[in-house]
Amino acid sequence: MTAPYVKHTIKDGISTIEFFHPAHNSLPGDLLAKLADSITQAGENDAVKVLILKSGGDRTFCAGASFKELVSINDQETGRIFFSGFANVINAMRKCPKFIIGRIQGKTVGGGVGLASATDYCMASKFASIKLSELNVGIGPFVVGPAVARKLGLAGMSQIAIDANTFYDAQWAQQKGLYASVHESTQALDTAVQLLAENLCRYNPEAMAEMKKVMWAGTEHWDTLLKDRAAISGRLVLSDFTKQTLKTFK
């Protein structure tokens with residue numbers, strides 16, 4: 001089994017940040033912290049003009065939060081810290097002054113949908129269906145909800161949050177505005193992502209930074225909002241309903 005990792009490489013102005021976990025690219029707290037740090041560092045590096053966010057493997061983009069860590073939560077503060085992991089990554093992405101291209105090669109669930117939504121330009125393969133499964137375990141997509149609603153609209157986010165058992169295909173996600181384009185294969189996706197990144201490297205970095213400010217205007221309160229949302233999830237994960245439900249998934 002391949003060990004979990006977060007890799008950060010820079011070539012010709014393109015920063016590629018790749019994460020991997022053998023459990024369908026689910027993300028435990030330590031990987032989320034490394035991911036947030038890598039995004040922040042890339043944003044501060046003058047040698048970087050654009051970022052690509054991707055995951056390892058050719059199947060699942062991200063299965064959300066680590067189930068192993070989720071079931072071990074026994075108090076509200078631990079729960080708040082756990083759910084703050086995705087909040088910290090999303091906030092790092094929105095505050096990064098460089099455009100972030102999302103490369104979504106396969107299915108993505110829960111927090112993974114939040115990561116895709118927090119990219120500035122998201123591209124996917126036809127296999128990249130999405131699902132917000134949190135209500136299934138008695139929680140809810142509280143932390144990722146603002147990012148998902150920003151891309152899908154409140155109606156689209158509400159639809160997939162309530163219909164928590166269903167994967168919505170890549171074409172639906174494209175129609176709703178999450179994906180800018182959907183490609184027939186991972187190879188075609190990679191070609192398109194690379195071409196866009198190279199084109200962006202020819203743009204004025206100052207202009208792109210100003211555009212990013214405009215695109216994310218109105219989200220300045222997310223540092224507080226997402227932490228408050230993490231506290232809600234941290235409380236609900238201790239409910240009898242959720243504890244009993246999690247036992248059935250073990």
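Of note:
- Its relative contact order, with pairs defined as Cα atoms under 8 Å and 6+ residues apart, puts the chain at 21 percent.
- The residue list A87, I17, Y168 was ranked by how far each Cα lies along the charge dipole of the chain toward its positive end, using unit charges on Cβ atoms, and Y168 comes out on top.
- Placing +1 on the Cβ of every Lys and Arg and -1 on the Cβ of every Asp and Glu, with nothing else charged, gives the stretch 58-117 a dipole about its Cα centre of roughly 340 debye.
- Within the shell defined by Cβ-Cβ distances under 13 Å, the residues around D228 carry a net charge of +3, with Lys and Arg each +1 and Asp and Glu each -1.
- Fluctuation leader among M157, M208, M93 - the chain, Gaussian network, Cα springs under 10 angstrom: M208
- C-alpha long axis of helix 145-162 to longest principal axis of the chain, angle in °: 40
- Cα-based helix-to-principal-axis angle, 205-215 vs the chain, degrees rounded to 10: 40
- The residues neighbouring H24, those whose beta-carbon lies less than 11 Å from its own, together hold a net charge of +2 under the Lys/Arg +1, Asp/Glu -1 convention.
- Relative pair counts by distance (%), Cα atoms of the chain, 5 Å bins: 1, 7, 14, 19, 20, 18, 11, 5, 2, 1, 0
- Restricting the GluC sites (Glu not before Pro) of the stretch 141-250 to loop positions (DSSP other than H, G, I, E, B) with no more than 14 neighbouring Cβ atoms within 10 Å leaves E184, E220.
- Bridgeable lysines around K54 (alpha carbons under 19 Å apart, same-chain partners fewer than 8 residues away excluded): K7, K11, K34, K95, K98, K107, K126, K131, K151.
- Over all other residues within a Cβ to Cβ distance under 10 Å of G110, the charged ones net out to 0, with Lys and Arg as +1 and Asp and Glu as -1.
Taken together, the values in this text are just the output of simple stated rules run on the coordinates, not laboratory data. Model, not experiment: these values are computed from the prediction. As a convention, Cβ positions derive from the backbone with ideal geometry for all residues, glycine included, and neighbour counts pool all protein chains shown.
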